[in-house]
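To start, the structure under review is shown below, and the notes come after it.
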Amino acid sequence: MSGNARVWLVTGASSGFGRAVAEAAVAAGDTVIGTARRTGGLDDLVAAHPDRVEAIALDVTDGERIDAVAADVLARYGRVDVLVNNAGRTQVGAFEETTDRELRDLFELHVFGPARLTRALLPQMRERGSGSVVNISSFGGQLSFAGFSAYSATKAALEQLSEGLADEVAPFGIKVLIVEPGAFRTGLFGKGAAYFSAENPAYAEKVGATRRLVQGGDGSQPGDPAKAAAAILLALDADDTPLRL
Ligand code: NDP
């Protein structure tokens, strides 16, 4: 590892945004620990950069495994400079048909997992007086519409957690960045393509009205996750990193 190289821990790094962020960080000369339940999607990146990319199996809904992975990474790398809580999935459907189990599972994935991993890695950031936590939310963290209530509820919770945390850790030199993507070409988008479409007026009207930096366009065309990843790296490098991207 060279002098200024950072150590990243990215969840959900085998696909979509997580994979794009991992690639961008490696291209910047940094070291990446990429996690996912199935790490096969990282095999080529590990093979291309065996000295700077490691894949670790991690289900972020498994709290004990989170603690074990965090402890192992800190023991071997000495630090994590950038934590990217990205693992997630879409859930679209009538609220009336959403079960408690589905709602809890989604909160485990989008809120409790990121919360636990953040708590596991914050102390070493605080001791070093630097570090960044990037929480991948969604345009759905700020707005919602029919079929989107469960997903939006989890992302809104993640955002409020992040906003308070940002104020709490800023005095220790730690940045918190909330990313609110619109529609991007990832595995997730593929699964909900018919729903996340300009053909769906509920989606087009509300998403098209928002103008976030990493928005995937006007809602009619999914964006390129590599562009979102580049924006995340730029934002983290800036002196005046925004709270939301
Ligand atoms: P992808 O489906 O392409 O990638 C999802 C990643 O998360 C995969 O690596 C997957 O790997 C991992 N993952 C899923 N469940 C778990 C789990 N329980 N534990 C650990 N890893 C898990 O989707 P995206 O890249 O689009 O999604 C990334 C984030 O972006 C999500 O938080 C999503 O909500 C957000 N987002 C995406 C948008 C889009 O347009 N694509 C828009 C707004 C937000 P594996 O299944 O092997 O675990």
Yes or no: region 37-58 includes at least one residue that is under 14 Å from the mean Cα position of the chain (by Cα) and surrounded by 17 or more Cβ atoms within 10 Å (Cβ to Cβ). no
Taking region 166-188 only, how many residues are surrounded by fewer than 19 Cβ atoms within 10 Å (Cβ to Cβ) and either modelled with pLDDT under 95 or within 16 Å of the ligand (Cβ to nearest atom) (or both)? 2
Could you pull out the residue among Gly34, Gly12, Gly40, Gly16 that is within 20 Å of Leu161 (Cβ to Cβ) and within 14 Å of the ligand (Cβ to nearest atom)? Gly12
Any idea which residue in region 110-139 is surrounded by the fewest Cβ atoms within 10 Å (Cβ to Cβ), counting only those that are free of Cβ contacts under 8 Å to residues at least 40 places away in the same chain and of a type outside the set (Asp, Glu)? Pro123
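Condition check: assigned to a helix (DSSP H, G or I), small (Gly, Ala, Ser) and closer than 30 Å to Ala238 by Cβ. Does Gly182 satisfy that?
Details: assigned to a helix (DSSP H, G or I): no; small (Gly, Ala, Ser): yes; closer than 30 Å to Ala238 by Cβ: yes.
Here the answer is no, as Gly182 does not meet what is asked.
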Across region 49-68, what is the number of residues that are touching a helix residue (DSSP H, G or I) at 6+ places or on another chain (Cβ under 9 Å), more than 10 Å from the ligand (Cβ to nearest atom) and farther than 15 Å from Arg38 by Cβ? 6
Give me a count of the residues in region 1-15 that are at pLDDT below 95 and crowded, with 24+ Cβ neighbours inside 10 Å. 0
Would a scan of region 73-81 turn up a residue that is more than 15 Å from the ligand (Cβ to nearest atom) and buried (at least 24 other Cβ atoms within 10 Å of the Cβ)? yes
Please work out if Glu163 is over 18 Å from Asp62 (Cα atoms), part of a helix (DSSP H, G or I) and at pLDDT 95 or above. yes
Answer yes or no: is there a residue in region 93-109 that is surrounded by 20 or more Cβ atoms within 10 Å (Cβ to Cβ) and either without any contact (Cβ under 8 Å) to a residue 12 or more places away in the chain or under 12 Å from the mean Cα position of the chain (by Cα) (or both). yes
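Residues are listed down the side, and each one gets a yes or a no for (1) in contact with an Asp or Glu (Cβ under 7 Å, 6 or more places away or on another chain); (2) within 15 Å of the ligand (Cβ to nearest atom); (3) closer than 23 Å to Asp237 by Cβ; (4) not β-branched (Val, Ile, Thr):
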{"site": "Val84", "(1), (2), (3), (4)": "no, yes, yes, no"}
{"site": "Arg89", "(1), (2), (3), (4)": "no, yes, no, yes"}
{"site": "Phe112", "(1), (2), (3), (4)": "no, yes, no, yes"}
{"site": "Met125", "(1), (2), (3), (4)": "no, no, yes, yes"}
{"site": "Gly131", "(1), (2), (3), (4)": "yes, no, yes, yes"}
{"site": "Ser137", "(1), (2), (3), (4)": "yes, yes, yes, yes"}
{"site": "Ala157", "(1), (2), (3), (4)": "no, yes, no, yes"}
{"site": "Gln160", "(1), (2), (3), (4)": "no, no, no, yes"}
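Being farther than 21 Å from Ser144 by Cβ and touching a Leu at 6+ places or on another chain (Cβ under 9 Å) is true for just one of Arg89, Arg76, Arg37. Which residue is that? Please lay out each step first, then the result.
Values: Arg89 fails: farther than 21 Å from Ser144 by Cβ; Arg76 fails: touching a Leu at 6+ places or on another chain (Cβ under 9 Å).
Just one listed residue meets the conditions, Arg37.
The values are calculated or read from the model by the stated rules, or taken from the named source; none is laboratory data. Values in this document were obtained by computation on a predicted structure and should not be read as measured data. In this analysis, Cβ positions are derived from the backbone assuming ideal geometry, glycine residues included, and neighbour counts consider all displayed protein chains.
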